[in-house]
2 protein chains.
Amino acid sequence: MAITGDQRLLKRINRMALVRLVRGHPGLSRAELAVETGLTKSTVSLLVQELIDEGWLCEDDVLVTGAIGRRPTPLRLDDQRLALIGVELGVGMIGVVATTLNGEVISKYSHSFTVDSEIPLVLSMLCRAIMDTVHATRGAGREVLGVGIGVPGAVQESSGVLCVAPNLGWRDVAIRDEVMRVLQAHSLGDIQVFVQNDADVAALSEVEFSPSSTHDPLLFLSLGIGVGAGVVVGGRLLLGRGGFAGEVGHIQLQPDGPVCSCGRKGCAEAFFGLQVLANSFHLSREQLFERASQGDPEVVSALRSAGQHLGVLMHNLWVTLDPAQIVLGGRSCRLGPAFLDSARETFNALAHEAGLETPLVVQAKYAELMVPVGASALVLHKYLQPI
Amino acid sequence: MAITGDQRLLKRINRMALVRLVRGHPGLSRAELAVETGLTKSTVSLLVQELIDEGWLCEDDVLVTGAIGRRPTPLRLDDQRLALIGVELGVGMIGVVATTLNGEVISKYSHSFTVDSEIPLVLSMLCRAIMDTVHATRGAGREVLGVGIGVPGAVQESSGVLCVAPNLGWRDVAIRDEVMRVLQAHSLGDIQVFVQNDADVAALSEVEFSPSSTHDPLLFLSLGIGVGAGVVVGGRLLLGRGGFAGEVGHIQLQPDGPVCSCGRKGCAEAFFGLQVLANSFHLSREQLFERASQGDPEVVSALRSAGQHLGVLMHNLWVTLDPAQIVLGGRSCRLGPAFLDSARETFNALAHEAGLETPLVVQAKYAELMVPVGASALVLHKYLQPI
């Protein structure tokens, strides 16, 4: 029987379903996978063998149980042969990591640039950093599955175009095409490239690399100079019509509040964006972190007030999205408990007034690496979601 | 070759893909469906014949084009043989409609009850109304595909339990099981029953019955005594962890604003919930509609201010979700332009301050029938999304 397009797609879906199952439940055997998926044992054996050959899965040692008969072989993700490359294009910095399929960081690299650099110059640095990491990763004997890039702005998913990144001052930059062109010119055209918003990929770092403890829907709040959200619902990113979903730093928290960099008044970011807070004390961001850690009373008092606004934002997003978990990430987390505890207290108090329980609130697992590791999670995400 | 569980699911998926294609593009032929789906012509012919036999599709007359050869037969949804039953359980009213697969209302019925009636009494009225409509619909020669019920509160999707409906004063009512039990006792146990939040089903009324003009993501704002949202993303409802997503009436628009019925302060609903507005003038809701339509200056001024708060809510949800379309529905739409135009103006002004364009904003297609027709859309939605 000839294989039709439909059957090829079905095969990809089934293969990736097997990878997801083994990822979520390491130790499953082929027979257990057949039960879980409803596929026949022979189909599972065939697909598992392909996945082993390609470096996705490997067999664990069989435990000697003393039971009679052939013992089932436990399977798990192979963390030795494949690699994911994740890139952060930040405001003034480029970060690159290579990770295993489990999100373990194998190598990392970062490089700063002046924010007003020409776009072609920054892209050329970006491509150079990617290619160096590809070569180093291959040199260490791993195959590169793909490259993910997290960027500080709205991305059109289908084209990989960065539509607008206010803090970089970029607009309509075809990042994916440009990176692919350069890779191709260097005989690396077989490597797939994916581009997505930084808060979105940060959300994926929580989902794709901790599958057994994942809470869906997941709301990731990225707190830094900009304030944005990445939302994962039913295993997928909530992107909106044009990739602009999650611009929650521009939710109005107060009519006629302080003027925001976007031109509107009373935006969340105008109350607790990291640069706004530093500016209010005429400090650099590093100086602000230092004063906060020293417990400077004036700074602590301002951070508590800023945290209250963050708590209201968390509340407003909670009633809108009903997430199972809220993750707080981004550089502003370094502002410490004066900021974060105050936010949680305000959030809890608002929920309590309505007789409701708040969802789980945690801090980002990958801390300052959340964007590059999230970008490598984006590659895995794209493979595991063939439709 | 034996049919496995997987193949049965694939068949259901393919069947419903054909229905969705024909619904979106009436007039498609079997050959065109084969091209669109990648299925073989013989598979398409087989599935289309099944769908015709079951009442989903029918053949249109072949246009005489003068071309040589056998002319392809155009297909369309059959609006004659199947029916969807949609129910609104409202605050003090029960509404029931039967519709065609295209959302055309075949029959409608409504009945009021006093809000503090015992739950079993209301459920028994509800079941009676459903059964009457089932019998009448069957009597008119149509098969009933299922019953959808829209309720004013959060619903746990998997169980059909209404978790909490503040305006009814109900909590943890197993509506689906109770209705199914009664249908079964009356030999109607073959009819499927689905329960969902009223704003969510209202959103589906826009999506399932206007597939060619659907804008996804779609944000439906239900404006009445309560203020809620139904959000459709990628063709699916955004429900949240426990069915509480879309409780946007409790987004805080102002710190220390007016006290809301939920206990919190400054909620959107405390600014422009319909009962709040009526109470502020010591009027009944009907009296408020009358004064608004007469252009009473005091009422108009208050409605313009209320509309500004609605505009801020629309803005806040827009930056969060980036919808392609916002639909305004619910009884508060009867407050007219003083309320609705003022909301649009505020929304547009906020977007303009940031140099951005707002998405399309329209009024609900089914107006006061949005919940029962939406509940019948829920039945179709469930059939068309087998996974």
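Between copies, how far does the label point of B:VAL62 sit from its twins, in nm, shortest first, when each point is 7 Å from Cα along Cα→Cβ?
So the distances to the same position in the other copies read 6.3 nm.
When chain B is modelled as a GNM with alpha-carbon springs shorter than 10 Å, which of B:ASP256, B:ASP60, B:ASP322 fluctuates the most?
Residue with maximal mean-square fluctuation among B:ASP256, B:ASP60, B:ASP322: B:ASP256.
Could you rank the peptides B:130-138, A:198-206, A:349-357, B:241-249 by their average count of other C-beta atoms within 10 Å per residue, with the highest value first?
On the way: B:130-138: 17.8, A:198-206: 30.6, A:349-357: 15.4, B:241-249: 24.1.
Going by the mean number of other Cβ atoms within 10 Å, highest first, we get A:198-206, B:241-249, B:130-138, A:349-357.
Tell me, what HN-Hα J-couplings in whole Hz come from the Karplus equation 6.51 cos²θ - 1.76 cosθ + 1.60 at θ = phi - 60° for each residue of the range B:19-26, using x for Gly and Pro?
4, 4, 5, 5, 4, x, 9, x
With point charges of +1 on the Cβ of Lys and Arg and -1 on the Cβ of Asp and Glu, referenced to the Cα centre of chain B, which listed residue (B:LEU101, B:PHE271, B:ALA354) lies farthest in the positive direction of the dipole?
Most positive-ward Cα: B:LEU101.
Nearest 5 percent is fine: what portion of the DSSP beta bridges confined to the range B:101-243 is antiparallel? Don't jump to the answer; show the numbers that get you there.
On the way: 14 of 20 bridges.
In the range B:101-243, approximately 70 percent of DSSP beta bridges are antiparallel ones.
Ranked by Cβ crowding within 10 angstrom, fewest neighbours first, how are A:HIS215, A:HIS250 ordered?
Details: A:HIS215 19, A:HIS250 26.
With the sparsest Cβ surroundings first, the list reads A:HIS215, A:HIS250.
Let me see the pair-distance distribution of the range B:346-387: every alpha carbon pair, 10 Å bin width, integer percents in order.
Once binned at 10 Å, the Cα pair distances of the range B:346-387 give 24, 25, 23, 25, 3.
Regarding the range B:262-330, what whole-number volume in Å³ per residue does the convex hull of its Cα atoms give? Intermediate results must be reported in sequence, preceding the final value.
Values: hull volume 7.5 nm³, N = 69.
About 109 Å³ per residue, rounded to a whole number.
When N is the residue count of the range A:166-275, what does its C-alpha Rg come to as a fraction of 2.2 N^0.38 Å? The partial results should precede the final answer.
Working: Rg = 17.0 Å, N = 110, 2.2 N^0.38 = 13.1 Å.
Normalised Rg, Cα atoms only: 1.29.
In debye, nearest 20, what is the charge dipole magnitude of chain A about its Cα centre with +1 on Lys and Arg Cβ and -1 on Asp and Glu Cβ, if you could check?
Numbers: 31 positive and 40 negative charges, 141 e Å.
With Lys and Arg at +1 and Asp and Glu at -1, about 680 debye.
So if I average 1/r over every pair of distinct C-alpha atoms in chain A and take the inverse, what Kirkwood radius in Å does that give? Could you put the intermediate results ahead of the total?
Details: mean 1/r = 0.0447 Å⁻¹.
Averaging 1/r across every pair of different Cα atoms and inverting gives 22.4 Å.
Using the Cα centre as the reference, give the magnitude of the dipole from point charges on the C-beta atoms of the range B:212-364 (Lys, Arg: +1; Asp, Glu: -1; all else neutral), rounded to the nearest 20 debye.
On the way: 10 positive and 13 negative charges, 80 e Å.
For this selection, approximately 380 debye.
If packing is taken as the average number of other Cβ atoms within 10 Å across a peptide's residues, how do A:305-311, A:101-107 rank, most packed first? Can you show the working numbers first?
Working: A:305-311: 21.9, A:101-107: 17.9.
Descending packing order for the listed peptides: A:305-311, A:101-107.
So what is Rg over Rh here for the range A:212-364, counting just Cα atoms and using Kirkwood for Rh? Provide the component values of the computation, followed by the final result.
Details: Rg = 15.2 Å, Rh = 15.8 Å.
Radius of gyration over Kirkwood radius for the range A:212-364 works out to 0.96.
In sequence order, what are the phi-derived ³J(HN,Hα) couplings for the range B:365-377 according to the Karplus relation 6.51 cos²θ - 1.76 cosθ + 1.60 with θ = phi - 60°, rounded to whole Hz, with x for glycine and proline?
Per-residue couplings from phi come out as 5, 9, 6, 6, 9, 4, 6, x, 5, x, 5, 6, 5 Hz.
If Lys and Arg each add +1 and Asp and Glu each add -1, what is the summed charge of the other residues whose beta carbon sits under 11 Å from the beta carbon of B:GLY228? If you can, show how the numbers build up before the last one.
Numbers: positive: none; negative: B:ASP198, B:ASP200, B:GLU247, B:GLU269.
Charge balance in the 11 Å sphere: -4.
So the label point sits 7 Å from Cα along the Cα-to-Cβ vector; using that for A:LYS108, what distances do you get to the other copies, in nanometres, sorted shortest first?
With the label placed 7 Å along Cα→Cβ, A:LYS108 yields 6.0 nm.
Evaluated at 37 °C with a viscosity of 0.692 mPa s, what Stokes-Einstein diffusion coefficient in µm²/s does the range B:92-220 have when Rh comes from the Kirkwood expression over alpha-carbon pairs? Don't jump to the answer; show the numbers that get you there.
Numbers: Rh = 15.6 Å.
It comes out at roughly 210 µm²/s.
Go through A:LEU89, B:VAL300, A:THR114 and say which Cα lies farthest out towards the positive end of the charge dipole of the protein assembly as shown; charges sit on Cβ, +1 for Lys and Arg, -1 for Asp and Glu.
Most positive-ward Cα: A:LEU89.
May I ask what percent, to the nearest 5, of DSSP beta bridges between residues of chain B are antiparallel?
Restricted to chain B, the bridges split so that about 60 percent are antiparallel.
Share of antiparallel DSSP beta bridges in the range A:212-364, in percent to the nearest 5?
Values: 10 of 19 bridges.
Roughly 55 percent of the beta bridges in the range A:212-364 run antiparallel, per DSSP.
For peptide B:242-254, what's the mean number of Cβ atoms from other chains within 10 Å of each residue's Cβ?
Going residue by residue through B:242-254 and averaging, the value is 6.
Taking the Cα centre of the protein assembly as shown as origin and charging only Cβ (+1 Lys, Arg; -1 Asp, Glu), how large is the dipole, in debye to the nearest 20?
Charge dipole of the protein assembly as shown: 1340 debye, to the nearest 20.
Between A:ALA31 and A:PHE281, 0.36 nm times their residue separation minus their Cα-Cα distance comes to what? Before the final figure, lay out each step's value.
Working: separation 250, 0.36 × 250 = 90.00 nm, distance 6.30 nm.
Extra length available between A:ALA31 and A:PHE281 comes to 83.7 nm.
Return the distance in nm (one decimal) between the two label points of a simple spin-label model at A:HIS111 and B:ALA185, each offset 7 Å from Cα along Cα→Cβ.
Inter-label distance under the simple model: 7.5 nm.
What's the angle, to the nearest 10 degrees (0 to 90), between helix B:198-208's Cα axis and the longest principal axis of chain B?
Around 40 degrees separate the two axes.
Taking the label point 7 Å from Cα in the Cβ direction, how far apart in nm is B:ILE13 from each other copy of itself, listed shortest first?
In ascending order, 0.0 nm.
What Kirkwood hydrodynamic radius do you get for the range B:112-165 when you take the inverse of the mean 1/r over all pairs of distinct Cα atoms, in Å?
Numbers: mean 1/r = 0.0763 Å⁻¹.
For the range B:112-165, inverting the mean 1/r across all distinct Cα pairs yields 13.1 Å.
Beyond 36 Å, how much of the Cα-Cα pair distribution for the protein assembly as shown remains, as a whole percent?
Numbers: 151326 of 299151 pairs.
Every Cα pair in the protein assembly as shown considered, those over 36 Å come to 51 percent.
What FRET efficiency, computed as 1/(1 + (r/R0)^6) with R0 = 35 Å and r the Cβ-Cβ distance, is obtained for A:ASP172 and A:GLN80, rounded to the nearest 0.05? Each step should come with its number before you reach the end.
Numbers: r = 41 Å, r/R0 = 1.16.
Once the sixth-power term is evaluated, E becomes 0.30.
Counting only pairs 8 or more places apart or on different chains, how many lysine pairs in the protein assembly as shown have C-alpha atoms closer than 25 Å?
Lysine pairs meeting the criterion: 14.
Obtain the nm distance between the two label points defined at A:GLU290 and A:ALA367 by a simple spin-label model: each point lies 7 Å from its Cα along the Cα-to-C-beta direction.
Distance between the two pseudo-spin positions: 2.0 nm.
Since every read-out is calculated from the coordinates, none of them should be taken as a lab result. Small disclaimer: the values here were computed from a predicted structure and weren't measured. Cβ sites come from the backbone with ideal geometry, for glycine too, and all protein chains shown count toward neighbours.
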